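K.L.:
Pasting a structure below so you can have a look.
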Amino acid sequence: FEVVFVKAFCDALVENDSIVISYTATLNENAVIAGANPNESKLTYGENNEFETTPSVTETFTWKFGVLKYVLDGEEKSPLAEAEFTLSKNEDGSEPIKFIAKGTTTEGGIPIYQVAEDPTAEGVITTIVTDATGQFILQGLDSDTYYLTETKSPDGYNELDKPVKVVIDENG
């Protein structure tokens, strides 16, 4: 993005004035999951933009984790379809995070859901339902503490009695 200062603003500056520009950014669907996403900022200035500050580079990380809902028969795990989950930063499951479907993995066809860049966009969901694989992947997450809550179990099965706490540290 570009910030342009009008002449009147510049004329009002006096020696040793400071101008601070702060911004936030959201990683989009092209972000590298579990890897560095570099962001560079610099200032170009002067009558003809002939001066430039040394670029400042930050690295932002985003993470993912997978979920497998299964039935245990002896020592054999069988995937369980139609279990419904939400993910929240609140232990009580309130204010679930909004996701958008991003397809499936090339190996195994596991559904992938990305944190919604635009929470009002078409196709945004808060409830993720397991398919025949019993699995899904949630990606685009910050380092933080999350709570995965099973909100509905398939007929004939009990839902989890409490949310599963998921902690993603700065190393993923």
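K.L.:
Among the GluC sites (Glu not before Pro) in the stretch 30-83, which ones are in a DSSP loop with at most 15 other Cβ atoms within 10 Å of the Cβ? Mind listing them?
P.N.:
On the way: sites: 40, 47, 50, 52, 59, 75, 76, 82; in loops: 47, 50, 75, 82.
Answer by residue number: 47, 50, 75, 82.
K.L.:
Compactness ratio of the stretch 1-87: Cα Rg over 2.2 N^0.38 Å, N = residue count?
P.N.:
On the way: Rg = 24.7 Å, N = 87, 2.2 N^0.38 = 12.0 Å.
Here the Cα radius of gyration is 2.06 times the empirical estimate.
K.L.:
Between residue 8 and residue 78, what length in nm is gained on full extension when 0.36 nm per residue of separation is reduced by their alpha carbon distance?
P.N.:
On the way: separation 70, 0.36 × 70 = 25.20 nm, distance 6.98 nm.
Additional length available on full extension: 18.2 nm.
K.L.:
Additional query: Say we join alpha carbon atoms closer than 10 Å with springs in a Gaussian network model of the chain; which of 120, 130, 86 then has the biggest fluctuation?
P.N.:
Result: 120 has the largest fluctuation of those listed.
K.L.:
GNM on the chain, C-alpha springs below 10 Å: top fluctuator among 33, 19, 100?
P.N.:
The residue with the greatest mean-square fluctuation here is 19.
K.L.:
On full extension of the chain, what length is gained from residue 105 through residue 32, given 0.36 nm per residue of separation minus the C-alpha to C-alpha distance?
P.N.:
Working: separation 73, 0.36 × 73 = 26.28 nm, distance 1.53 nm.
Full extension of this stretch gives 24.7 nm more.
K.L.:
Can you tell me the length gained on complete extension of the stretch residue 15 to residue 41, counting 0.36 nm per residue apart and subtracting the Cα distance? Please list the in-between numbers first.
P.N.:
Numbers: separation 26, 0.36 × 26 = 9.36 nm, distance 2.43 nm.
Gain on stretching residue 15 to residue 41: 6.9 nm.
K.L.:
Where only protein heavy atoms count, and the probe is 1.4 Å, what is the accessible area per residue for the chain in Å²? Don't jump to the answer; show the numbers that get you there.
P.N.:
Working: 12020 Å² over 172 residues.
Per-residue accessible area for the chain comes out at 70 Å².
K.L.:
Could you please state how large a percent of the accessible area of the chain is carbon and sulfur, counting protein chains only and using a 1.4 Å probe? Mind dumping the intermediate values first?
P.N.:
Details: 5690 of 12020 Å².
Percent of accessible area from carbon and sulfur atoms in the chain: 47.
K.L.:
With r defined as the distance between the Cβ atoms of residue 25 and residue 90 and R0 fixed at 35 Å, what FRET efficiency is calculated, to the nearest 0.05? Walk me through the numbers on the way to the answer.
P.N.:
Details: r = 25 Å, r/R0 = 0.71.
Taking R0 as 35 Å, the efficiency between residue 25 and residue 90 is 0.90.
K.L.:
For Cα Rg over 2.2 N^0.38 Å, which listed value, (1) 1.46; (2) 1.05; (3) 0.96, comes from the coordinates shown?
P.N.:
(1)
K.L.:
Turning to a different aspect of this structure: Within the chain, count lysine pairs with alpha carbon atoms under 17 angstrom apart where the residues are 8 or more positions apart or belong to different chains.
P.N.:
The number of close lysine pairs in the chain is 12.
K.L.:
Another question about this same structure. Please list, in chain and number order, the residues 5+ apart from residue 166 or on another chain whose amide H is under 5 Å from its amide H, with Hs placed from the backbone.
P.N.:
146, 147, 148
K.L.:
Here is a follow-up. Once you've got the GNM for the chain with C-alpha springs shorter than 10 Å, pick whichever of 43, 148, 138 has the biggest mean-square fluctuation.
P.N.:
Taking springs between Cα atoms under 10 Å, the residue moving most is 43.
K.L.:
Of 71, 128, 36, which is farthest along the charge dipole of the chain in the positive direction, counting Lys and Arg as +1 and Asp and Glu as -1 at C-beta?
P.N.:
Value: 71.
K.L.:
For a quick size check, give me the Cα extents of the stretch 56-144 along its three principal axes, largest first, whole Å.
P.N.:
55, 29, 26 Å, listed from the longest principal axis down.
The values are calculated or read from the model by the stated rules, or taken from the named source; none is laboratory data. Predicted model only: the values in this text are computed from it and were never measured. Here Cβ is always computed from backbone atoms with ideal geometry, including for glycine, and neighbour counts include all displayed protein chains. Calculation scope for accessible area: heavy atoms of the full protein, side chains included, ligands and nucleic acids excluded. Shrake-Rupley method; radii C 1.70, N 1.55, O 1.52, S 1.80 Å.
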